[in-house]
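A.B. asks: Structure incoming, see below.
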Amino acid sequence: MYSQGLIGADGSTTETPEFLERFQRRIDAEEKIEPNDAMPEGYRRTLVRQIGQHAHSEIVGMLPEGNWITRAPSLRRKAALLAKVQDEGGHGLYLYAAAETLGVSREQMTEELLSGKAKYSSIFNYPTLTWADIGVIGWLVDGAAIMNQIPLCRCSFGPYARAMIRVCKEESFHQRQGYEIVMTLAQGTPAQKAMAQDALNRWWWPSIMMFGPHDADSEHSDQSMAWKIKRFTNDELRQKFIDATVPQAEYLDLTLPDPDLKWNEDKGGYDHGPIDWDEFWRVVKGHGPMAKDRIKDRKAAWDKGAWVREAALAHAEKRCARKIAAE
Ligand code: BYC
């Protein structure tokens, strides 16, 4: 037997070196960590932060796309977009459920989102101005999400890793529907092609920023890599995404809005121009163009749903009381 240590009232931890070493050995041996297993408090908090942020991103991500369901240009496009947005609702629910296994409630996580304490992906703070934006979001944003999320299927925390398997399969459909929309526009009239190019110009850099700060400025990467929560660094994933996307843009005969994008034979990947980190941090800190609207809409949906949560709870309590009375 080994001792785990204690958590103080202020949240400080006094975990024994023996406990931390034993935990790390499990991680190094690729064992999955399950909710009832002993785990360092830092590991639990990192997962609550990341899974919570991920869940919020899925739910907030429904807003810019949901905005176009009534304006989709055909029944086929409408059905596909509706299905995509519903999938995102489902992803949010699996992720909230995975985070709940770590002892945090959905109410708590939602309150932290609405108060600005918890983050959601910077990408969802930009407006969707034309139908081409819906195509480019599917192609780039879901493309970036897949690049980031495939390695999360191997995350050391079991519930998160398992949730990601289904999420990635669905994201893959989302990416294809987006690419197909952009392809249709790019091969359409000159005005349609210009609309696709305009959307690409606006979404390229925010998509590149989705992967987070450069590794040297990434506060959590080293520890998350050691705990095998993250399997690749932010820059590694960003590079993979750029390398996969450049040929896709070439095939569409669209131009990525980065004059410094150039194949680098030595590294076997593309070099890119400087990222506007001031813009990134402004958006992350809640000053993105659509930030206020996103939180206002999310709060309105949460408030409107209060009666459903209350009714579900009352029903569950009644069932529970009946079961106890019958025993
Ligand atoms: N936006 O130390 P770092 C999707 C924050 S896709 C906002 O590198 P970490 C979807 C970071 O939280 C999007 N904040 O952090 C797609 C940290 O602040 P805190 C969701 C960002 O965690 C299509 C600080 O910057 N995907 O859902 O090691 C349709 C320092 O960063 C961002 C996920 O969430 C950003 N872009 O790495 C619908 C995937 N980048 O928390 C939906 C899971 C960084 O200390 N998450 N920050 O206050 C991850 O893989 C990692 O959390 C990140 C960041 C790579 C995003």
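A.B. asks: If you wrap the range 226-280's Cα atoms in a convex hull and average its projection over all directions, what's the area in nm²? Numbers along the way, then the final one.
C.D. replies: Working: hull surface 21.9 nm².
Its average projected convex-hull area is 5.5 nm².
A.B. asks: When N counts the residues of the range 83-140, how does its alpha-carbon radius of gyration compare numerically with 2.2 N^0.38 Å, as a ratio? Before the final figure, lay out each step's value.
C.D. replies: Working: Rg = 14.2 Å, N = 58, 2.2 N^0.38 = 10.3 Å.
Normalised by 2.2 N^0.38 Å, the Cα Rg of the range 83-140 equals 1.38.
A.B. asks: Same structure, new question: Could you point to the residue in V182, L237, T101 farthest towards the positive end of the chain's charge dipole, with +1 and -1 charges on the Cβ of Lys/Arg and Asp/Glu respectively?
C.D. replies: T101
A.B. asks: Using the crude model of +1 on Lys and Arg Cβ and -1 on Asp and Glu Cβ, and no other charge, please compute the dipole size for the range 170-296 relative to its Cα centre, in debye to 20. Working shown, then result.
C.D. replies: Values: 15 positive and 22 negative charges, 123 e Å.
Rounded to the nearest 20 debye, it is 580 debye.
A.B. asks: Output the 0 to 90 degree angle, nearest 10, between the alpha-carbon long axis of helix 291-304 and the longest principal axis computed from the alpha carbons of the chain.
C.D. replies: 50 degrees
A.B. asks: With a cut-off of at most 15 other beta carbons within 10 Å, and DSSP calling the residue loop, which trypsin sites (Lys or Arg not before Pro) in the range 259-306 qualify? Please list them. It would help to have the intermediate numbers written out before the result.
C.D. replies: Values: sites: K262, K267, R282, K285, K292, R294, K296, R298, K299, K304; in loops: K267.
Here the sparse-neighbourhood loop sites are K267.
A.B. asks: Order 315-324, 194-203 from most to least packed using the mean count of other Cβ atoms within 10 Å.
C.D. replies: Values: 315-324: 9.7, 194-203: 20.2.
Going by the mean number of other Cβ atoms within 10 Å, highest first, we get 194-203, 315-324.
A.B. asks: Another question, then. In degrees from 0 to 90, rounded to the nearest 10, what is the angle of the helix 306-326 Cα long axis to the longest principal axis of the chain?
C.D. replies: Rounded to the nearest ten degrees, it is 30.
A.B. asks: In the range 156-269, how many lysine pairs have Cα atoms under 27 Å apart, counting only pairs 8 or more places apart or on different chains?
C.D. replies: For the range 156-269, the number of qualifying lysine pairs is 11.
A.B. asks: If you consider only alpha-carbon coordinates, what radius of gyration and Dmax does the range 168-327 have, in Å?
C.D. replies: Values for the range 168-327 (Cα only, Rg and Dmax): 22.7, 74 Å.
A.B. asks: A further question follows. Spin-label point model (7 Å from Cα, Cβ direction): what's the H220 to Q86 distance in nm?
C.D. replies: Each label point lies 7 Å from its Cα, and together they span 3.2 nm.
A.B. asks: Right, something else. Would you kindly calculate the translational diffusion coefficient of the chain, applying Stokes-Einstein with the Kirkwood radius from alpha carbon pairs, for 4 °C and a viscosity of 1.567 mPa s, and quote it in µm² s⁻¹ without decimals?
C.D. replies: On the way: Rh = 21.6 Å.
So the translational diffusion coefficient is about 60 µm²/s.
A.B. asks: Grab the Cα-Cα distance for D198 and K117, subtract it from 0.36 nm times how many residues apart they are, and report the gain in nm with one decimal. All intermediate terms of the calculation are to be shown ahead of the outcome.
C.D. replies: Numbers: separation 81, 0.36 × 81 = 29.16 nm, distance 3.34 nm.
Extra length from D198 to K117 when fully extended: 25.8 nm.
A.B. asks: What's the local net charge at L114, with K and R +1, D and E -1, over the other residues with C-beta under 13 Å away?
C.D. replies: Working: positive: R106, K117, K119, K292, R294, K296, R298, K299; negative: E107, E111, E112, D297, D303.
Taking every other residue near L114 into account, the sum is +3.
A.B. asks: With each label point set 7 Å from Cα along the Cα-Cβ vector, what nm distance links R309 and E180?
C.D. replies: With each label point 7 Å from Cα toward Cβ, the separation is 3.7 nm.
A.B. asks: At a threshold of 8 angstrom on Cα-Cα distance, excluding pairs fewer than six apart, so keeping six or more, what relative contact order does the range 163-309 reach in percent? Before the final figure, lay out each step's value.
C.D. replies: Values: 83 pairs, mean separation 24.2, N = 147.
Dividing the mean separation by the residue count of the range 163-309 yields 16 percent.
A.B. asks: Another question about this same structure. Please identify the GluC sites (Glu not before Pro) of the range 242-296 that satisfy two criteria: DSSP loop assignment and at most 16 other Cβ atoms within 10 Å. Which are they?
C.D. replies: Values: sites: E250, E265, E279; in loops: E265.
Hits after loop and neighbour filter: E265.
A.B. asks: What does the accessible area per residue of the chain come to in Å², with a 1.4 Å probe and no ligands, DNA or RNA counted? Before the final figure, lay out the partial values.
C.D. replies: Details: 16930 Å² over 327 residues.
Accessible area per residue: 52 Å².
A.B. asks: Measuring from label point to label point, each 7 Å out along Cα→Cβ, what is the D260 to T101 span in nm?
C.D. replies: About 4.2 nm separates the two model spin labels.
A.B. asks: Report in % the part of the accessible area of the chain that belongs to carbon and sulfur, leaving out ligands and nucleic acids; probe 1.4 Å.
C.D. replies: Details: 9520 of 16930 Å².
C and S fraction of accessible area: 56 percent.
A.B. asks: Still on this structure: Give me the net charge of S218's neighbourhood, meaning all other residues with Cβ under 15 Å from the Cβ of S218; Lys, Arg count +1, Asp, Glu -1.
C.D. replies: Values: positive: R49, K119, K230, R231, R238; negative: D215, D217, E219, D222, D235, E236.
Here the count lands on -1.
A.B. asks: Report relative contact order for the range 70-195 in percent, whole number only (criteria: Cα-Cα under 8 Å, sequence separation at least 6).
C.D. replies: Details: 91 pairs, mean separation 31.4, N = 126.
Relative contact order, the range 70-195: 25 percent.
A.B. asks: Loop-only check: which GluC sites (Glu not before Pro) in the range 140-189 are DSSP coil with at most 16 other Cβ within 10 angstrom? Each step should come with its number before you reach the end.
C.D. replies: On the way: sites: E170, E171, E180; in loops: none.
For GluC sites (Glu not before Pro) across the range 140-189 that sit outside H, G, I, E and B with at most 16 neighbouring Cβ atoms in 10 Å, the list is empty.
A.B. asks: To the nearest 10 degrees, how steep is helix 234-252 against the longest Cα principal axis of the chain, on a 0 to 90 scale?
C.D. replies: With both axes taken from Cα atoms, the answer is about 30 degrees.
A.B. asks: Related question: Restricting things to alpha carbons, find the Rg to Rh ratio for the range 31-176 using the Kirkwood radius for Rh. Present the calculation step by step, with values, prior to reporting the outcome.
C.D. replies: On the way: Rg = 15.8 Å, Rh = 15.9 Å.
My calculation puts Rg/Rh at 1.00.
The values are calculated or read from the model by the stated rules, or taken from the named source; none is laboratory data. The structure displayed is predicted, hence computed values, not measured ones. Note: ideal-geometry Cβ built from the backbone for every residue, glycine included; neighbour counts use all protein chains shown. Ligands, DNA and RNA are excluded from the accessible area calculation, which covers all protein heavy atoms including side chains. Shrake-Rupley method; radii C 1.70, N 1.55, O 1.52, S 1.80 Å.
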